[in-house]
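Q: Quick one: this structure, given as structure tokens, is what I'll be asking you about.
The values are calculated or read from the model by the stated rules, or taken from the named source; none is laboratory data. Not measured: the values here are computed from a predicted model. Quick reminder, even Gly has a Cβ in these numbers, built from the backbone with ideal geometry, and neighbours come from all protein chains shown.
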Ligand code: BTN
């Protein structure tokens, strides 16, 4: 579309003015078409100033999520239809208001009642990236837990562009022993068929001062020492989600997952949510169904629910 090409040209000018004549010449369009494209970009939220004899200039974008910056991202299936909100209770609540559609995504700059696993709260102040998306997978209920692992690997790959990080099974992203991102997956079932899977991802980017479940958390800003463009980050995560979910085999995902899994080969303690006694052991494998094998003094156990804590990463508070 013409307006996308005009936007690209303005972005490539490094914050300098570009004359209407130059835009019209380079894109082979009329001056009226340039003017229409500029107005259309402005109505989408881009700040474009104009000056006589100089032309048009795109204001330098901020680092925080914005409708304008998000609309300039590369298109993906996950996030293909993207709804941005300044503030929501939870992106899960908002997602539920839309008709189900593959890849449909709700992203917010802030959540007032962000939800974490095991009924915990998710600290969701400004500066984080919070989104939920919907998958309508042609799979049965037993395979659904693997989606969690796919998403964790995708986010880990995207965050690796910024810092060295690992996955704490099943789906926390940790850096230097502190939590950088949490993922919550909700599966809706009819009989043994998966109706849909809603995945919610919360990434600590430019936020801080964490409390509650995130007391031992960190953010990309804290790690990198500068602010990170939240829009670019989302674009990267969406691209990695598409790659891992639609284009890679489950075997390849599992093998890459194992390479960055912080638990594998480590002493861990399995904490059962139902209050059963904690079991110490060594994590020996992650299986294709998303579960984990743990060697204990009484033999190997298979863990597919509950919580585990990993020595040297961070210990989970029991609920
Ligand atoms: C966890 O406890 O580790 C999972 C946290 C998941 C948080 C995300 S933020 C976007 C989505 N909306 C929510 O209310 N929770 C998830």
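Q: Filter segment 171-197 for residues that are farther than 17 Å from residue 115 by Cβ, in a loop (DSSP other than H, G, I, E, B) and touching a helix residue (DSSP H, G or I) at 6+ places or on another chain (Cβ under 6 Å) and give the result.
A: 192, the sole residue that qualifies.
Q: Here is a follow-up. Identify, please: which residue in segment 198-229 is surrounded by fewer than 24 Cβ atoms within 10 Å (Cβ to Cβ) and in a helix (DSSP H, G or I) and is, among those, farthest from the chain's Cα centre (by Cα)?
A: 212
Q: Just for segment 54-83: of the residues that are modelled with pLDDT under 95, under 15 Å from residue 235 (Cβ atoms) and not in a loop (DSSP other than H, G, I, E, B), which one is farthest from the chain's Cα centre (by Cα)?
A: The extreme case among them is 68.
Q: OK, next. Can you tell me which residues in segment 182-194 are touching a residue at least 12 places away in the same chain (Cβ under 8 Å) and over 13 Å from the mean Cα position of the chain (by Cα)?
A: 186, 187, 189, 192, 193, 194, listed by residue number.
Q: Which of (1) under 23 Å from residue 72 (Cα atoms); (2) buried (at least 19 other Cβ atoms within 10 Å of the Cβ); (3) away from the ligand (no atom under 15 Å from the Cβ) is the odd one out, the single condition residue 232 does not satisfy?
A: It fails just one condition, (2).
Q: Separate question: Give me the pairs, please: first residue somewhere in segment 83-112 and farther than 24 Å from residue 68 by Cβ and more than 9 Å from the ligand (Cβ to nearest atom), second residue anywhere and in a loop (DSSP other than H, G, I, E, B) and at pLDDT below 95, beta-carbon distance under 8 Å, and either six or more positions apart or on two chains.
A: Pairs found: 100/136; 102/136.
Q: Could you list, in sequence order, all residues of segment 114-166 that are modelled with pLDDT under 90, out of contact with any strand residue (DSSP E or B) (no Cβ under 8 Å at 6 or more places or on another chain) and within 14 Å of the ligand (Cβ to nearest atom)?
A: Residues satisfying the conditions are 119, 120.
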